[in-house]
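One structure below.
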Amino acid sequence: MNKRLYRVLACLAAALLAGLLYVTLVPVPPGPPPERFEAAQFCLQHTHEWRYSRAGFSEVFASTQTPAEACWQTVQLPEHVRPDAHARHELEPALFQAWFRVHYTPPLNLPRGETLQIYVPRVMGAAWQVVINGRQVANNLDDWRMTWNRPLAVRLDPSLIATGQPLDIRVGVIQRAWYGASMTPIVVGPTSGIAPALALRQLLQITMPQASTVVLLLMGSFFVVFWLARPMERIHLLLALASLAWGVCNLQYVLHRPDDALFADWYARIVNMSISWVMWLIYLFVLRIDLSRRLRWLEQALPWYVLGMTMLALPFWPLVDDIGVLYQLLNSLVAAGVTLAIARQAWRPHGLPELRVISLSLVLTMAAGMHDVALLAQLITPESIYLLPYGTLLMFASFLYAVQRRYVAAIQQTEQLSNSLAERLGLRELELREQHSRLLSIEREQALLLERQRLMRDMHDGLGAALMSSLVLVEQGRMQTEDIAIMLRECVDDLRLVIDSLEPVGQDLVTLLATMRYRLGRRLEHAGLKVDWAVRDLPALPWLDPSHALQVLRIVQETLTNILKHAEASRVRIETLLLQKPGLPDQVCVHIEDDGKGFDIDTIAPGRGLRHLRQRAQKLNGDLDIHSQQGQGTRVTLLLPVHLMPGLAS
């Protein structure tokens, strides 16, 4: 059995024990103990009054005559008055009044202010009256329909007590002649001495059934809300209906019924038929716990049983007044059979633990119900208490245990699934990391390969082509020494450009231009060209990789070379700007302006140099603008996008 169930049962037992200790260990003031009468004198009086109501009982009490001494005989308590078999067949069965008489002498040492009390644990009958020294001192006409579950407790008026004088105490019990009545031992004594036993009896017979009723109604309401949230879980609806129905059935221990014969008759019949409905709902709940082994034949038979018991409870059949005990006896037999079938299913190999716990609770509840039927039929001592409310709490505790097991299992399954998914996700993540690592390695190798190919292409198209053409001219003897030096210098410059393009500049155009200035600075100074550097900080260019950087450097280098060769300039200005216009993408601008002789754009014949500059700018998804006038110098403007554009060459 699950450890949690042990804890729950231990808590319930501890709470019950605490309540019992509280009412049983109430400090009792010093004084004489109460006297318990295990024997009494008994007399049976028949009456012609037949009204089974408050008015009829009042008539009986008012017309009561003192029984003759010859009527009294000694009996042992508890005493059961046998029913009159002949009265059963009378059209209006008469009532009888069973008298029980004891003599009690008040103690001489009764503490000051102490009162006497008469206490009877249970009276089985309709109404009762208490007569002391020929004077009626109490009756329960206002609450006679609850006699079956209320102890008799009458506190005596001090005026009736004469210390040392015996009291003639008579308890009269009215009942139908063929029903029978019972009387438990009579206890008389100081109120303080009787209080613990009376408090315990009220706790067990009244307070605890009331508490169990509240618990069942709250439990039913809770599971109704739970079912509304998850309508597909019909097992919760069954448990909710069973809890509410049994809570209504338990109201018989709580509600004070009015003195209305029709209402009382129908209420009793509704309570009787509700038990069969409660049994049906409970058994459906239990049978739905283990869906792998459903007893379908039992599920199909139970509705017919409920229908039959409902029809049997209606007041349309003969012997209707005697149907209560028979009704509960039939319920007990059906409960025994169904419980046996459930227990066989639960205790098979691989049976569910919660179903086994429920089967045990059903057995105990069935035993409690049979005990109550025996008490109702006056087959056992009437001093017992009704156990069905306690069996009900135990049974519903087992139901809660079953629901708890289901949800714990669902949570554990969810956790296992979550852990499994987390483990699989971890493995998948590890695989993805390995694949990503391999992809990065492949990309690095591919990048190196592409870079090698680019370098080979650039060196072949630039440096290689220049060297090959120079070699041919030298071999043919058509180049002078100065021309060879110029050609070699251009080859060195081109090689430096390739090297500069490989420098990590972090996508910064300013750093790229600064590297080029460092490379070409001395050469420009030796050529008599002063450089005016007006470079400002620019945003990073995400597309500025080594290939594109080389294109930028070649544009700037060719522009400076043209200035050295043709412009006859003494000064050159290199300036950078960030252009931001509303509705247009941001651009960076590189201005290269000299103070040379300039030229007329419209009259000069277009050569390959200018065409190559514009082609390189287009490869960068940029634009190149040349502005020059005769005698006023030349300005070359390179416009480049800040962000990568779809048309940018790779």
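Hey, any hits in the range 552-559 for a residue that's polar (S, T, N, Q), surrounded by fewer than 19 Cβ atoms within 10 Å (Cβ to Cβ) and at pLDDT 80 or above? Reasoning before the result, please.
Pass one, the range 552-559, residues polar (S, T, N, Q): 557, 559.
Remaining after also requiring surrounded by fewer than 19 Cβ atoms within 10 Å (Cβ to Cβ): none.
No, the range 552-559 contains no residue that is polar (S, T, N, Q), surrounded by fewer than 19 Cβ atoms within 10 Å (Cβ to Cβ) and at pLDDT 80 or above.
Residue check, residue 179 against (1) closer than 28 Å to residue 55 by Cβ; (2) touching a residue at least 60 places away in the same chain (Cβ under 8 Å); (3) not in a loop (DSSP other than H, G, I, E, B), all met but one. Which one?
(3)
When the range 252-271 is examined, which residues are found to be among the β-branched types (Val, Ile, Thr) and more than 13 Å from residue 314 (Cα to Cα)?
Hit for the range 252-271 is 254, nothing else.
Criterion first (surrounded by 15 or more Cβ atoms within 10 Å (Cβ to Cβ), part of a helix (DSSP H, G or I), touching a Cys at 6+ places or on another chain (Cβ under 7 Å) and of a type in the set (Val, Ile, Thr)) does residue 275 satisfy it?
In short, yes.
Please go through the range 239-270 and give me each residue that is buried (at least 18 other Cβ atoms within 10 Å of the Cβ) and among the charged types (D, E, K, R), ordered by number.
269
Search the range 515-551 for residues being acidic (Asp, Glu) and surrounded by fewer than 15 Cβ atoms within 10 Å (Cβ to Cβ), and hand back the single one that is farthest from residue 614 (Cα to Cα).
The first filter runs over the range 515-551 and keeps only residues acidic (Asp, Glu), leaving 525, 532, 537, 545.
After this cut, where a residue has to be surrounded by fewer than 15 Cβ atoms within 10 Å (Cβ to Cβ) as well, the list is 525, 532, 537.
Values: 525: 27, 532: 24, 537: 25 Å.
If we take residues in the range 515-551 being acidic (Asp, Glu) and surrounded by fewer than 15 Cβ atoms within 10 Å (Cβ to Cβ), then 525 is farthest from residue 614 (Cα to Cα).
Hey, could you check the range 387-399 for residues that are without any contact (Cβ under 8 Å) to a residue 60 or more places away in the chain and aliphatic (A, V, I, L, M) and say which is surrounded by the most Cβ atoms within 10 Å (Cβ to Cβ)?
Checked the range 387-399; the qualifying residue surrounded by the most Cβ atoms within 10 Å (Cβ to Cβ) is 388.
So residue 204 fits all but one of (1) among the aliphatic types (A, V, I, L, M); (2) closer than 15 Å to residue 251 by Cβ; (3) touching a residue at least 60 places away in the same chain (Cβ under 8 Å); what number is the exception?
Going through the list (1) among the aliphatic types (A, V, I, L, M); (2) closer than 15 Å to residue 251 by Cβ; (3) touching a residue at least 60 places away in the same chain (Cβ under 8 Å), residue 204 breaks only (2).
Would you confirm whether or not the range 412-419 contains a residue that is in contact (Cβ under 8 Å) with a residue 40 or more places away in the chain and surrounded by fewer than 18 Cβ atoms within 10 Å (Cβ to Cβ)?
So the first thing to find is which residues in the range 412-419 are in contact (Cβ under 8 Å) with a residue 40 or more places away in the chain, and the list is none.
Within the range 412-419, not a single residue is in contact (Cβ under 8 Å) with a residue 40 or more places away in the chain and surrounded by fewer than 18 Cβ atoms within 10 Å (Cβ to Cβ).
Of all residues in the range 304-320, how many are modelled with pLDDT under 65 and under 13 Å from residue 272 (Cα atoms)?
Within the range 304-320, residues that are modelled with pLDDT under 65 and under 13 Å from residue 272 (Cα atoms) number 1.
Here is a yes/no grid of residues against (1) closer than 24 Å to residue 489 by Cα; (2) of a type outside the set (Ser, Thr, Tyr); (3) not in a strand (DSSP E or B):
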position: 555; (1), (2), (3): yes, yes, yes
position: 558; (1), (2), (3): yes, yes, yes
position: 576; (1), (2), (3): no, no, no
position: 584; (1), (2), (3): no, yes, yes
position: 599; (1), (2), (3): no, yes, yes
position: 611; (1), (2), (3): yes, yes, yes
position: 616; (1), (2), (3): yes, yes, yes
position: 624; (1), (2), (3): no, yes, no
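For residue 384, all conditions in the list (1) among the small types (Gly, Ala, Ser); (2) surrounded by fewer than 17 Cβ atoms within 10 Å (Cβ to Cβ); (3) within 30 Å of residue 205 (Cα to Cα); (4) at pLDDT below 90 hold save one; what is the number of the exception?
(4)
The values are calculated or read from the model by the stated rules, or taken from the named source; none is laboratory data. The structure presented is a predicted model; accordingly, all values stated were derived computationally and were not measured. Backbone-built Cβ (ideal geometry, glycine too); neighbour counts: all protein chains shown.
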